[in-house]
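**Q** Quick one: the structure is below, questions incoming.
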Amino acid sequence: MKKKVMPVLIGLGLLGLAGCGNGEESSSDNGNGETEYGEVLATSDAGEITVDDILNEMGTTQIANQTFQLVLDQILQDRYSDEVDEDEIHEQVDAEMEQYGGEEQFEMMMAQQQPGMTADNYREQRIASTYHDLFFAEKFDISDEEAMENAAEGAHILVAVDEDEEDGLSDEEAEEKAEDLISEIEDGADFGEVAEEESDDPGSAANQGALGLVTEGQMVPEFEEALFELETGEMTSEPVESDFGYHIIQRGDEEDLDEELETIKSQMVNQRIQEDPGQVLTFYQELLDEYNVSFENDEIESYIEETYLADSEETDDGEEESAADSEENETEDDDSEE
């Protein structure tokens, strides 16, 4: 069973912590050309409507978030353009949409989750997501070898403990049932069929117990330790106890694991971000410094610094203060020795 973690900061190619993007088409160059709006958008006997009027109506927060996001996207595209095949990503998205009945059906589904989301928006987000994943994989120093060592195809059968329910099992009863199921499978019963019939985890039971790709840090420690100790195709010989109950764990076929390399790295990136979200802000600050980024509007600059870069600056300040305190203490010690 997966651990409960805070929402991932880096969403699907967007900054989850920015919460920006309104689902409308951007005027920036997204492969379809740029729109030149001009400074005056409308005139009447009552006056003019300018670009500044629109921006002020949107508010500093939204403009600053969008500015910060676009700056990062532009930098990362410049940095990793040779490593990303955007045409291939478009093909992957098209294939994904076909699985949902085509682009129109896909847009209807996405609109329920993110109002205003279009197929083109989704394609752009997937491309941006790829650039962000490459950046964080580099910053977290995740090599191909490490990714392969920290991933496994997992499946399980859960026997839950629930003494409060009328038909629920006590701890002892759940453990005994799990042991019986292991014996059945070892005697020739199909793991997937047993999972469908007996597992108390409805999500994986519907898929014959399969959990898909599991990377280090995704699951509760007891489960993860048992899974990664197994050989390919092997099943635990004894039930594995966790807060969720008793698990019978099987490690799946991993012949094509290398084809999932980018997915593995993406999952590892998200896990590292969950573990230390403050480090992300440090990475952003370093990236902005490297590319000599300057925000020309004072309000936007102030908002971005306070929202996205404050933690890294506080860390730097804290280190300086710590060093100063250390020097002060050394001075006091020297004085006392004299």
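**Q** Could you give the C-alpha radius of gyration of the range 32-101 expressed as a fraction of 2.2 N^0.38 Å, taking N as the number of residues it contains?
**A** Against the compact-globule rule of thumb, the ratio is 1.69.
**Q** So, one more: What does the C-alpha gyration tensor say about the overall shape of the range 200-284? Classify as rounded when a/c is under 1.5, otherwise prolate if a/b is larger than b/c, or oblate.
**A** It is prolate, given that a/c is not under 1.5 and a/b is the larger ratio.
**Q** Right, something else. Return the sequence-ordered ³J(HN,Hα) values of the range 273-278 in whole Hz as given by the Karplus equation 6.51 cos²θ - 1.76 cosθ + 1.60 applied to θ = phi - 60°, using x for Gly and Pro.
**A** 3J(HN,Hα) across the range 273-278, in whole Hz: 5, 4, 6, 8, x, x.
**Q** Something else now. For Glu241, which sequence-distant residues (separation of 5 or more, or a different chain) have an amide H within less than 5 Å of its own amide H, given hydrogens modelled in the peptide plane?
**A** Residues meeting the amide H criterion: His247.
**Q** Per residue of the range 233-240, what does 6.51 cos²θ - 1.76 cosθ + 1.60 with θ = phi - 60° give for ³J(HN,Hα)? Whole Hz please, x for Gly and Pro, Karplus curve as stated.
**A** x, 7, 10, 5, 7, 9, x, 9
**Q** Shifting gears a bit: What are the ³J(HN,Hα) couplings of the range 35-42, residue after residue, when phi is run through the Karplus curve with 6.51, -1.76, 1.60 and θ = phi - 60°? Round to Hz, x for glycine and proline.
**A** 9, 9, 7, x, 7, 9, 9, 7
**Q** Can you list the GluC sites (Glu not before Pro) in the range 37-125 that are in a DSSP coil and have 12 or fewer other beta carbons within 10 angstrom?
**A** Glu39
**Q** So what's the Cα pair-distance distribution over the range 151-255, bin width 10 Å, in %?
**A** Answer for the range 151-255: a P(r) of 16, 51, 29, 4, 0 percent.
**Q** Set Lys and Arg Cβ to +1 and Asp and Glu Cβ to -1, take the dipole of the range 39-113 about its Cα centre, and tell me which of Leu72, Gln105, Asn56 lies farthest positive.
**A** Asn56
**Q** Which residues' amide hydrogens lie under 5 Å from the amide hydrogen of Leu169, considering only partners 5 or more residues apart or on another chain, with H built in the peptide plane?
**A** Excluding prolines and chain starts, which carry no amide H, the hits are Asp162.
Bear in mind these aren't lab numbers, they're just calculated from the coordinates by the rules spelled out. For clarity, every value in this text was computed on a predicted model and none was experimentally measured. For neighbour counting, all protein chains shown are included, and Cβ atoms are generated from backbone atoms with ideal geometry for every residue, glycine included.
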